[in-house]
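The values are calculated or read from the model by the stated rules, or taken from the named source; none is laboratory data. All values derive from a computational prediction rather than experimental measurement. Please note: Cβ atoms are built from the backbone with ideal geometry, for glycine as well, and neighbour counts cover all protein chains shown.
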Protein chains: 2
Amino acid sequence: MTAGKPLIALDAMGGDGGPAMTVAGAARVAARDPNIRFILFGDEGLIAAEVARHKALGPCVEIVHAPDVISGEDRPSQAIRRTKTTSMGMAILAVKEGRADAAVSAGNTGALMAMSKLALRTMAGIDRPALAGILPTLGKHNLVMLDLGANTECDARNLAQFAVMGAAYSKIVIGVDLPRVRLLNIGSEEMKGTDTIRDAAQLLREAEHLHLSFEGFIESDRLGRGEADVIVTDGFSGNIALKTVEGTARFVTDLLRRAFTSSFRSKMGFLLSKPALHLLRVHLDPNNYNGAVFLGLNGLVVKSHGGANPHGMANAIGVAKKLAAERIADRIAEDLAQIATKAAA
Amino acid sequence: MTAGKPLIALDAMGGDGGPAMTVAGAARVAARDPNIRFILFGDEGLIAAEVARHKALGPCVEIVHAPDVISGEDRPSQAIRRTKTTSMGMAILAVKEGRADAAVSAGNTGALMAMSKLALRTMAGIDRPALAGILPTLGKHNLVMLDLGANTECDARNLAQFAVMGAAYSKIVIGVDLPRVRLLNIGSEEMKGTDTIRDAAQLLREAEHLHLSFEGFIESDRLGRGEADVIVTDGFSGNIALKTVEGTARFVTDLLRRAFTSSFRSKMGFLLSKPALHLLRVHLDPNNYNGAVFLGLNGLVVKSHGGANPHGMANAIGVAKKLAAERIADRIAEDLAQIATKAAA
């Protein structure tokens, strides 16, 4: 990255909102940061039409035509054969070839992960990359959780490495000095859970001088209580937990809507409560926590929610920008050396 | 069970509410069903004092003194040595020895599970028992989910057996004729998830004449949408999902409370909305879904929430009563024969 001039490769065709949403998101970022530059990959005509609608974007975008698009139904194994011709694949290749500092896509997660792994390769010292996301809490800081689904099965070393990567992410994106890291488990006592989790805890307890504070296990009913800055888990459990949070939040707000429309009196109450309920919606809106990252690759790839709006896309681009500026890979490498020494001993 | 005369063994000392809560719960059931009988295990003096406060209970309880109590901190491995002297253990032994139709406890889950397994043993055809619970949905029926934490790791055969047990539970306790069963997974496509889950799906697809309709995978953001009557998973993921639901529901209602107290206007709105918000609270109150069951044992043991109120305890006793009356073990055995034939083929 040219100092202070981040260059983001954008898959303009990904997500439910397509080029209109992606370009509007980029425009929001450009309006705040005139130094940012974008390469937009996708249907040239469609993208140019959208770019024309946003004055702020004009001077800082380059459009590169991509003849093909990855759909939500495409299997990862098929998608990787189309890396060179798709908007998603071409954005990743721009990172690989040093033409961009990070890639952002709102497209098919499995395809994005498979393409990114294949094109960028896993960084030295990391056995497996992980998908890290941000969740709201009632505490001072938002929470980083990983892995959210890149690896269905993990060993203790994988989990310890995720802890290091997640802590670096928390420090850079959330701004926590010494992140409190916990392993997701089905009990908080030391003997709970699987051998893998107990071994990972052992590795983290023994490792010294890590840029994190390991604080044992956490149960999933405490996710949002602000008792951890980073929660580490395998991709299966992480995906289950993340989607259960999303589903339950929607469940409760649906119930709330039903309750509020159940009588004239409660409808009146609803009108009076609107500003309060608006606060609730803001707090639960996934657009405010948008931007999950594949950590542990030789290059930055950020995944936006498929249903993101321009505000959400701007947040995902913001995450990419911060991680690129702060050189997250270097920070992770420092801590990894610690873990590697301990695991070998 | 003497026909129509269910006899429930109650651990009167379990749970945060102790004998006062347990006895009050039993009294609620007795007020509705004069045929029910209880054996209350625990501190004789404390229990007798509570029983004296509930007229309905007098004619239908027997009190058996238990000198010892299992606490929330006791490890399962230590608890099992105290089966014969604790209120929890003695309630389970009453089931084992045929002196009661079911045991109900609000105490330490791990201890209850370990004691129950050791005393009652696993039923023929079942490799491992599972903990099954009930969750609210936006659909017509509540949902049965299992395993909620009895087995941290499971193979495909275990999961297929859980499906059969969960379906029997749904039929008897929820009243669903042909329960729609789904496996919890991190994607709904056939190739998603671990080998274990895909193999379990294969077993369930191939088994014929089961008393259930197997409908593939479900993701955890769809738990409460009414798209399944039974959701099957290993105890680790199930515990994560269940506790994430509980934690997120509390998170959202905490946010709501904050929102409602943020201004005078929203406080007024809150007052007007009280009946609506009451409905919400009823729908989310775990007391209304109380009573998780250890399925697959030679004998019925029901776990109540530790924080249950008398209404919740009455619901847990109600679950025990229904399962005993409908002879759930026989229904499970029929379907198991199907699975066993397929797995051996």
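For the reader, a short list of remarks on this structure follows.
- Residue that is nearest to the other protein chains (Cβ to nearest Cβ), among those in segment B:110-133 that are within 17 Å of B:D234 (Cα to Cα) and out of contact with any strand residue (DSSP E or B) (no Cβ under 6 Å at 6 or more places or on another chain): B:G110
- Cβ pairs under 8 Å, 6+ apart, first in segment B:114-139 and touching a residue at least 40 places away in the same chain (Cβ under 8 Å), second among the hydroxyl-bearing types (S, T, Y) and part of a helix (DSSP H, G or I): B:P129/B:S116; B:L131/B:T109; B:A132/B:Y169; B:G133/B:Y289; B:I134/B:Y289; B:L135/B:Y289; B:P136/B:Y289
- The condition of being outside any helix (DSSP H, G or I) and at pLDDT 90 or above holds for A:V181.
- Matching residues in segment A:213-244 - criterion: being farther than 15 Å from B:L255 by Cα and without any contact (Cβ under 8 Å) to a residue 40 or more places away in the chain: A:S213, A:E215, A:G216, A:F217, A:I218, A:E219, A:S220, A:D221, A:I240, A:K243, A:T244
- For first residues located in segment B:160-181 and touching a residue at least 40 places away in the same chain (Cβ under 8 Å), partners that are of a type in the set (G, A, S) and surrounded by fewer than 21 Cβ atoms within 10 Å (Cβ to Cβ) and lie 6+ apart or on another chain with Cβ distances below 6 Å form the pairs B:R180/B:S213.
- Odd one out for A:K303 among (1) at pLDDT 85 or above; (2) under 22 Å from A:H211 (Cβ atoms): (2)
- Unique match (being at pLDDT 80 or above and in contact with a Leu (Cβ under 6 Å, 6 or more places away or on another chain)) among B:N288, B:N298: B:N298
Table: residues versus (1) touching a Phe, Trp or Tyr at 6+ places or on another chain (Cβ under 9 Å); (2) among the small types (G, A, S).
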position: A:G58; (1), (2): no, yes
position: A:I63; (1), (2): yes, no
position: A:D74; (1), (2): no, no
position: A:Q78; (1), (2): no, no
position: A:R121; (1), (2): no, no
position: A:A124; (1), (2): no, yes
position: A:R128; (1), (2): yes, no
position: A:L138; (1), (2): yes, no
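Okay, residues lined up against (1) at pLDDT 95 or above; (2) in contact with a Leu (Cβ under 8 Å, 6 or more places away or on another chain); (3) at positive phi:
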residue	(1), (2), (3)
B:P19	yes, yes, no
B:A27	yes, yes, no
B:E44	yes, no, no
B:A56	no, no, no
B:A91	yes, yes, no
B:A114	no, no, no
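- Condition met for A:A66 (away from every other protein chain (no Cβ under 14 Å) and within 17 Å of A:A316 (Cα to Cα)): no
- Residues that are without any contact (Cβ under 8 Å) to a residue 24 or more places away in the chain and crowded, with 23+ Cβ neighbours inside 10 Å within segment A:245-255 comprise A:T248, A:F251, A:V252, listed in sequence order.
- When every residue of segment B:5-28 is checked against the conditions, at least one turns out to be under 21 Å from B:E326 (Cβ atoms), free of Cβ contacts under 8 Å to residues at least 60 places away in the same chain and either surrounded by fewer than 19 Cβ atoms within 10 Å (Cβ to Cβ) or more than 20 Å from the chain's Cα centre (by Cα) (or both).
- Restricting segment A:138-188 to residues that are charged (D, E, K, R) and in contact with a strand residue (DSSP E or B) (Cβ under 9 Å, 6 or more places away or on another chain), the residue that is farthest from B:T194 (Cα to Cα): A:R180
- Among all residues of segment A:206-225, there is at least one that is within 30 Å of B:A150 (Cβ to Cβ), among the aliphatic types (A, V, I, L, M) and assigned to a strand (DSSP E or B).
- Residue in segment B:82-92 that is surrounded by 21 or more Cβ atoms within 10 Å (Cβ to Cβ), in contact with an Asp or Glu (Cβ under 9 Å, 6 or more places away or on another chain) and of a type in the set (V, I, T) present: yes
- Scan segment B:37-85 for residues that are under 24 Å from the mean Cα position of the chain (by Cα) and part of a helix (DSSP H, G or I) and the total you get is 6.
- Positions within segment B:92-140 being closer than 13 Å to B:A79 by Cβ and either touching a Ser or Thr at 6+ places or on another chain (Cβ under 8 Å) or not in a helix (DSSP H, G or I) (or both), in sequence order: B:I92, B:S105, B:G107, B:N108, B:L112, B:A114, B:M115, B:L118, B:A119
- Of the residues making up segment A:234-252, those that are more than 7 Å from chain B (Cβ to nearest Cβ) and either at pLDDT below 90 or in a helix (DSSP H, G or I) (or both) are A:G235, A:G238, A:L242, A:R250.
- The residue of segment A:132-155 that is nearest to the chain's Cα centre (by Cα), among those that are surrounded by fewer than 24 Cβ atoms within 10 Å (Cβ to Cβ) and of a type in the set (D, E), is A:E153.
- All conditions in (1) touching a helix residue (DSSP H, G or I) at 6+ places or on another chain (Cβ under 8 Å); (2) in a loop (DSSP other than H, G, I, E, B); (3) under 19 Å from B:P310 (Cα atoms) hold for B:A31, with the sole exception of (2).
- Exactly one residue out of B:R75, B:R99 is without any contact (Cβ under 8 Å) to a residue 60 or more places away in the chain and of a type outside the set (A, V, I, L, M), and it is B:R75.
- Scanning segment A:184-233 for residues that are within 20 Å of the chain's Cα centre (by Cα) and modelled with pLDDT of 95 or more, we see that the one that is surrounded by the most Cβ atoms within 10 Å (Cβ to Cβ) is A:V232.
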